[in-house]
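Taking it in order: structure first as structure tokens, then the write-up.
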Amino acid sequence: MRKNETILDNIDWSLILLYFVLTILGLFNIYSASYNEEFPSLFSFSQEYGKQIIWIAVSMFLGFIVLLLESDILWKYAYWFYAVCMLLLIAVLFTREINGARSWLGFGSMGIQPSEFAKLGTAIAISAYISNMNIKLQSQSSAFYANLIVLFPMALILLQPDAGTFVVFTSFLWVFYREGISYDFILGFILRLIPFVDHTRIKIGSNFIPLLIVSGILVVSTLLLSQTTIQFFGMTLPGFWGLIISISVFLILALIVARITVMLRERKKLYYILIVAAIASSSLVFAVNSVFDYLKPHQKERIELFLGLEEDPDGKDYNRNRAMAAVGSGSFLGKGYHKATLASPQQGHVPMQSTDFIFCTLAEEWGFVGGILVLSLFVVLLFKIIQIAERQRSTFTRVFAYSIAVIIFYHLAINIGMTIGLAPVIGIPLPFFSYGGSSLMSFTMMLFVLAKLDSERKNVFR
Amino acid sequence: MNSLEYRKFVVLFFIAITAGVFSVRMFYMQIIDDKWKLRAEEISKYKMTTYPTRGIVYDRSGNKLIANETYYDIMMIEDEISNFDTTLFCQLFKINKEELVEIYQNMVDKQGKDKKGKSNYRKFKPYPLITGLSSDDFSKVATELQKFPGFFENVRTLRKYPQNSGAHVLGYMNEVDGTDLEKDHYYRMGDYIGRTGIENYYEEDLRGRKGVQYLMKDARGNISGSQEESKYDTAAVPGRNLELTLDADLQTYGELLMKGKIGSVVAIEPSSGEILAFVSSPTYDPNLLIGKKIGKNFLTLQEDSLKPLFNRPLQAKYPPGSTFKLVTGLIGMQMGVVDSNRAFSCIKSLVNCHGHPTALSMSDGVKYSCNPYFYQVMSRIVQQGKSRNIFKDSKIGLAEWYEYVRSFGLGQPLNIDLAGDIPGFIPDVEYYDKVYNKAWAFSTIYSISIGQGEVGVTPIQMANLACIMANRGYYYVPHLVKSIKGKDISDRFQEKHYTKVKSEYFNPIVEGMWRVVHEPGGTARRAKTEGLNVCGKTGTAQNPHGEDHSIFIAFAPKDNPKIAIAVYVENAGFGGTWAAPIASLMIEKFLNGEVKQEAKEKRIIEKNFLTDPSIH
């Protein structure tokens, strides 16, 4: 009976719809962001908007092929896909440098960026590897190989160099977190070096990843507060004390809550964890602050510039400054379609406004409303993918879905974040919006592979 | 594996938090905080002010007194220079390579450095490389310049004073300061404003109105188009041209005659109050105070001990000397204390006098400039016997006199159309009460009867007095503007001001003035000019700073006068010797268009009181 069901019956049309909406919005945004008065038609194939139409057509064709293929191919040949991607990443290192990086594999005037496809290849490989692991997957060697699958392309990408894609690959940590891959073997290795600590008793497991992120937030906060002071009961204290005080207050509140809600049996252990966490966080804050004070002025300046504390609007900070001015000038409803005065090709104030800084044109022309709308569409897409992930019986599909969710999320967070001054300026495309064939094809295939896998969720148990 | 399912919430939570933070951030950046909007304006918009041409100023016969001269700066944008042929460029501007390097270096240095010691010079911005080329010089290089990419011209205009004269009338312009910016929001830093003279008084007419163009600026700082279809743009409105009452030839001639002398010459057309010449000596070339050289030249002029910047006709207060006897005589007749046929003997014990026949009438009194004559007229004005108390009596008389004198435009600013005219001084009852503790009578104050003592007047007031004599009893407020293009001149310049002395009483006085010049024994025989019927009155004002001031007021011809004039030559002695011939030469020049009395002219032009202080 199931055999009679076609793919069309089981496919998640809302996912496909979201894809179409984002892609079409993206196309029209490029039409404005790289508009050339000499070629007013959207179908001017010499222009970026005309070319993007071709890329959309090619991408959709590829997506269509994906839907027609047997999904067995994916997991059967997962490592072959991965291998091809890695070979391309190696091949690209032997090309000529363009703008200080070897990222393009050219065929005449056309070219592809292997690093865009490497994300997809790596996602498939990781899905295959994790779904093939048995229940004892917490073994050190499994964790090691899973990490290796990610680290290998990262190393190759660093050689190009392409900092943006490198950072995106770290998103796989979230996949490992969800799948419970433990980092205790690495932590144990480090903790072994510290005297009086019994590393064998520390079992953090895959919680290492959120801890890492919380630590990151603490480090950045400490640096941001390093040049400030706060008033506390009449005392003038360095800014980072605000963090220490917050941690202390948080600890006290947590202890009170724990006393009320947690059973006596469990309470002692929880107290212990909370106090250790508070001491560890405070120590981290102290340590970061001391190191920062110890730095030489030029090193401090670089960090401050990176964090946006020191402005150099016409120098090192040029791109971010122009991008933020474009976004800020959009106001509530924007200046109107084709009416950008900063993120427009004629004025050229915002660099790369059709690729890395594509969000500027959107935010300037459609304002807060347009920005929020697109941001919301992405959030809906991400939630949808995670919803799809969690309904799978197949580990392969779930891991794959999580992989593409976090990849898209990282692209979104870094790309939009850098135009609103919340992320460092590292060039990565905004999925479906930035001009470029490689990224569009790669993201399209990610979604269509997911749609294909998802459509078989009922008849596959793997 | 189900034990790990809760972790989807951690991932979802993280995504949601990020989206939330981004939304708040965008809301703040785009809606609440203005910082980025202002930054965007700064980056992408350019409000270009278009400057109107300033009004041109002509004299009464259409000669240009103030013109605009166009200058060209050669601008360069270093980034846009390509295939630069140094040799050809140097040839074009007639400089050598070393000079070119130096000019370039100066231009870069001029931009200053930021706080980190880095130059503010930007290769993508335009800067003036060669400045101040005249139109002629520019036209020689204009076509060739197009062959040098990255170079283009920028037009500027500066004021030019083609007659090189009339500095005190025309005034000068300089850059606005903080006070100007506060007073009038029309001005922006770097604008020029008329500081003195006509440039100042008619600033609002001359300046026109600036226009505004709202433009777009691209990333290189180049103008890339207009904003919103130029909806809010306004065109510059050119300044109004002015026609002055001044006669450029007469003005220049007056300045020539006054060379080497300190003082003033003011000539007015009595029938209209139009100022024909306005000479303040020593003067300076108005072209010295233009553009960038103003700072240095202004300082030099300011430090000059002869005070060439001082506007003497408006601001120098002198005693009127014997010219004031005209006023005394007129008031005496009007008040009825004397009549025109009254004789007074020349009693030198009352007040010193020179030897002359007895004045048998008012006209004789004027002709001989007899001091005791006007002493006795004035004593009858002040002491009319209306009170038995001599002190009270003198107060009644002086108060009446004061009102009459004021009606001659004395003791108050005339409010001509130049800023800064001073009131001069005519003593009143209150003043003497204060000085003499209320115990004063004519005998205390008699020197005012002959224009000495406390009486103080300006040369412009004296010229106005000459007009009153010429008009037999009225004057127009002297003024410099004849017409303003597209606008009427002020009504107050067309209003007759009558003195409180009836017209009929002027005849004997005017008769006396004619005789001063034309009859033997008159004090100003040197002013006689064939066929011109000059009427005048000499004055010799004592002053504490040295030799007497030589004064002469006159008008001509006697009937239907065309010109009235006042001449002051400081420390030059008797009025008839220097001031009178200067006045007559001016009158001749104006009425005949040329001067035939060459010996007289030569004597005046060659006389230099600054190098040769002896009088004759």
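The values are calculated or read from the model by the stated rules, or taken from the named source; none is laboratory data. Given the structure is predicted, the values throughout are model-derived calculations rather than measurements. Don't worry about glycine lacking a Cβ; one is built from the backbone with ideal geometry, like all the others, and counts go over all protein chains shown. Quick note on the areas: whole protein, heavy atoms, side chains included, nothing else; ligands and nucleic acids left out. Shrake-Rupley method; radii C 1.70, N 1.55, O 1.52, S 1.80 Å.
The distance separating the Cα centre of the stretch A:330-369 from that of the stretch B:330-408 comes to 91 Å.
Rolling a 1.4 Å probe across all protein chains gives B:GLU78 an accessible area of roughly 50 Å². In terms of packing, defined here as the mean over residues of other Cβ atoms within 10 angstrom, the peptides B:366-377, B:339-350 line up highest first as B:366-377, B:339-350.
In the distance distribution for the stretch A:379-418, Cα-Cα pairs more than 16 Å apart total 34 percent.
For B:ASP428, the accessible surface of its heavy atoms amounts to roughly 40 Å² (probe 1.4 Å, protein chains only, rounded to the nearest 10). Between B:GLU182 and B:GLU102, the simple label model (points 7 Å from Cα in the Cβ direction) yields a spacing of 4.3 nm. Counting, for every residue in B:212-224, the Cβ atoms of other protein chains within 10 Å of its Cβ and taking the mean gives 2.
Ranking of A:ARG178, A:ARG102, B:ARG526 by solvent-accessible surface, largest first: B:ARG526, A:ARG102, A:ARG178 (1.4 Å probe, protein heavy atoms only, all chains present). Quick one: which of B:LYS296/B:LYS482; B:LYS64/B:LYS210; B:LYS125/B:LYS217 span more than 22 angstrom between C-alpha atoms? Too far apart for the 22 Å limit: B:LYS296/B:LYS482; B:LYS64/B:LYS210. Estimated translational diffusion coefficient (Stokes-Einstein, Kirkwood radius over Cα pairs, 4 °C, 1.567 mPa s) of chain B: 45 µm² per second. Among the trypsin sites (Lys or Arg not before Pro) in the stretch A:240-349, those placed in a DSSP loop whose Cβ has at most 15 other Cβ atoms within 10 Å are A:LYS339. Which of the aspartates and glutamates could a cross-linker span from B:LYS317 if the Cα-Cα distance has to be under 17 Å and same-chain partners fewer than 8 positions apart are dropped? Candidates past the 8-residue exclusion: B:ASP421, B:GLU454, B:GLU547, B:ASP548, B:GLU570. Distance between the C-alpha centers of the stretch A:162-193 and the stretch B:252-277? Whole Å please. For the stretch A:162-193 versus the stretch B:252-277, the Cα centre distance is 97 Å.
Here is the tail figure for the stretch B:1-80: Cα pairs spaced more than 22 Å apart come to 69 percent of all pairs. With the convex hull drawn around the C-alpha atoms of the protein assembly as shown, the volume per residue stands at 280 Å³. Per residue of A:399-408, other chain Cβ atoms within 10 Å of the residue Cβ number 1 on average. The lysine pair count for the stretch A:291-446, using Cα distances under 29 Å and pairs eight or more places apart or on different chains, is 4. In terms of packing, defined here as the mean over residues of other Cβ atoms within 10 angstrom, the peptides B:141-150, B:156-165, B:308-317, A:204-213 line up highest first as B:308-317, B:156-165, A:204-213, B:141-150. Given a 1.4 Å probe and the protein chains as shown, B:PHE574 ends up with an accessible area of around 90 Å².
Across B:ARG7, A:ARG391, B:ARG472, the residue with the most accessible area heads the list, and the full order at a 1.4 Å probe is A:ARG391, B:ARG472, B:ARG7. Here the translational diffusion coefficient of the stretch B:176-270 follows from Stokes-Einstein with Rh set to the Kirkwood radius across Cα pairs; for 4 °C and 1.567 mPa s it amounts to 73 µm²/s. With 5 Å bins beginning at zero, the pair-distance distribution over Cα atoms of the stretch A:206-309 amounts to 2, 11, 18, 20, 17, 13, 9, 6, 3, 1, 0 %.
Per residue, the accessible area of the stretch A:206-309 comes to 68 Å² when a 1.4 Å probe rolls over the protein heavy atoms.
The Rg/Rh ratio for chain A, using Cα coordinates for both the radius of gyration and the Kirkwood hydrodynamic radius, is 0.99. When A:TRP104, A:TRP13, A:TRP80, A:TRP75 are compared by accessible surface with a 1.4 Å probe, the order from highest to lowest is A:TRP80, A:TRP13, A:TRP104, A:TRP75. Per the 1.4 Å probe, what fraction of the accessible area of the stretch A:188-278, in percent, lies on carbon and sulfur atoms? In the stretch A:188-278, the share of accessible area belonging to carbon and sulfur is 74 percent. Take the accessible area of A alone and of B alone, subtract that of the pair with a 1.4 Å probe, and the total buried over both chains is about 3900 Å². Taking the protein heavy atoms of chain B in the context of the full set of protein chains, the accessible area attributed to carbon and sulfur is 50 percent at 1.4 Å. Counts of other chain beta carbons within 10 angstrom of each beta carbon in peptide A:326-333 average 6.
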